[in-house]
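Asker: For reference, the structure I am asking about is given below.
Just so it is clear, none of the values below were taken in a lab; they were calculated from the coordinates. The structure displayed is predicted, hence computed values, not measured ones. Every residue, glycine among them, receives a Cβ derived from its backbone with ideal geometry; neighbour counts consider all protein chains shown.
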Amino acid sequence: MGMAKYDRLLYILNLLRSRRTLNARRLAEECRVTERSIYRDIISLSEANIPIYYDNGYKLASGNFLPPLNFTLDEYTCLILALESSPLARVGCKAETISQVKAKVESGLSEITREQKKISVDVARVDVGMTIPQRVSTRFYSDLENAISNRLSVDLEYDSIEHGLSSRTVDPYFIIFRRHAFYFVGYCHLRGEFRTFRMDRIKRLTPTKQRFTRIKSVTAADYFAGSWELYHGEPVEVTVRFRGRAARVVATSQHHLGEKTESLADGELLYRVTVNGTEEIGRWILRFGDEAEVLEPASLRQELGRIGQFLKRTYQQK
């Protein structure tokens, strides 16, 4: 009989700290559950801001490429409920430690989450598993893990949002969980460059017998270092002026490891960051509406201006 999920997650973390070559099959054997359960556990840990990646075994991500720890209200309430419902919370020697952990979580909340927290009073009804998918397809994971460990190219049939269905040969480097989904990074022979592939868009995956020589400089620790989230592109410096509530929200939380902020008069904030490509950061800026103004680069300023004109034409009163 397998252990309870709460205990299993802690056990998996301990295994990953001490042993660095465990694949899903070995973790499943250690925990006495199915591989599908292990993939769901990895999602649970990742959504709790403990990113894990696969590179010749599942590993805990080092701090130099972890996303900023900005809890949403759902994440905060789930974490607090998990801490308070733990049996350790009722043990004298650990109760104080759990209180300290809760205090640290509270201190790390962004201003917007603090405001939402004041409004929300129904914490007791939160379903701890509500953000965890009930079904995780494991169809290609084992083959891909094996290909990464043995440096074998794979033939893919992949349904890209941009290009549609295509066949390609890829040299896989590592698997990682980001933005609520599994991705793998590899060198795409069709495009002649490294690409990020979302696992649930793979329609067919066939390992080949063709070995590839891995480029040592391409690692999980560095690959996403310049990205806002996932996308890649040419490095570009983005400068944004925030005002009002947006300035306060941005000032009280970290959004990128390389960001720099400067307080201006009247409570405004100047935000600078260098990212690879502007599509993802552009979407983030749009969330702040008329309280954010892009100063540089001109291309992003023009693109958001075009979107603004479209919104004005679409939603203006007739």
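Asker: Give me the number: length gained by fully extending Leu311 to Ala265, i.e. 0.36 nm times residue separation minus the C-alpha to C-alpha distance, one decimal in nm.
Answerer: Once the chain is fully extended between Leu311 and Ala265, it gains 13.6 nm.
Asker: Something else about it: For labels at Arg151 and Arg283 in the simple 7 Å Cα→Cβ model, what's the distance in nm?
Answerer: That separation, rounded to one decimal, is 3.6 nm.
Asker: While we're here: Which ³J(HN,Hα) values in Hz, rounded to whole numbers, follow from the phi angles of segment 6-13 under the Karplus curve 6.51 cos²θ - 1.76 cosθ + 1.60, where θ = phi - 60° and Gly and Pro get x?
Answerer: Using θ = phi - 60°, the values come out as 4, 5, 5, 4, 5, 5, 4, 4 Hz.
Asker: If each residue of separation counts as 0.36 nm, what is the full-extension length gain between Ser167 and Ala251 once their alpha-carbon separation is subtracted?
Answerer: 25.7 nm
Asker: Follow-up. I need the shape label for segment 235-315. Rule: rounded when a/c is under 1.5, else prolate if a/b > b/c, else oblate, with a, b, c from the alpha carbon gyration tensor.
Answerer: Oblate, since a/c reaches 1.5 and b/c is not below a/b.
Asker: Testing the spin-label approximation: label points 7 Å from Cα along Cα→Cβ at Arg26 and Val218. State their distance in nm.
Answerer: Distance between the two pseudo-spin positions: 2.4 nm.
Asker: Rounded, prolate or oblate for segment 141-223? Axes are the square roots of the Cα gyration tensor eigenvalues, ordered a ≥ b ≥ c, and the cut-off for rounded is a/c under 1.5.
Answerer: Rounded, since a/c falls under 1.5.
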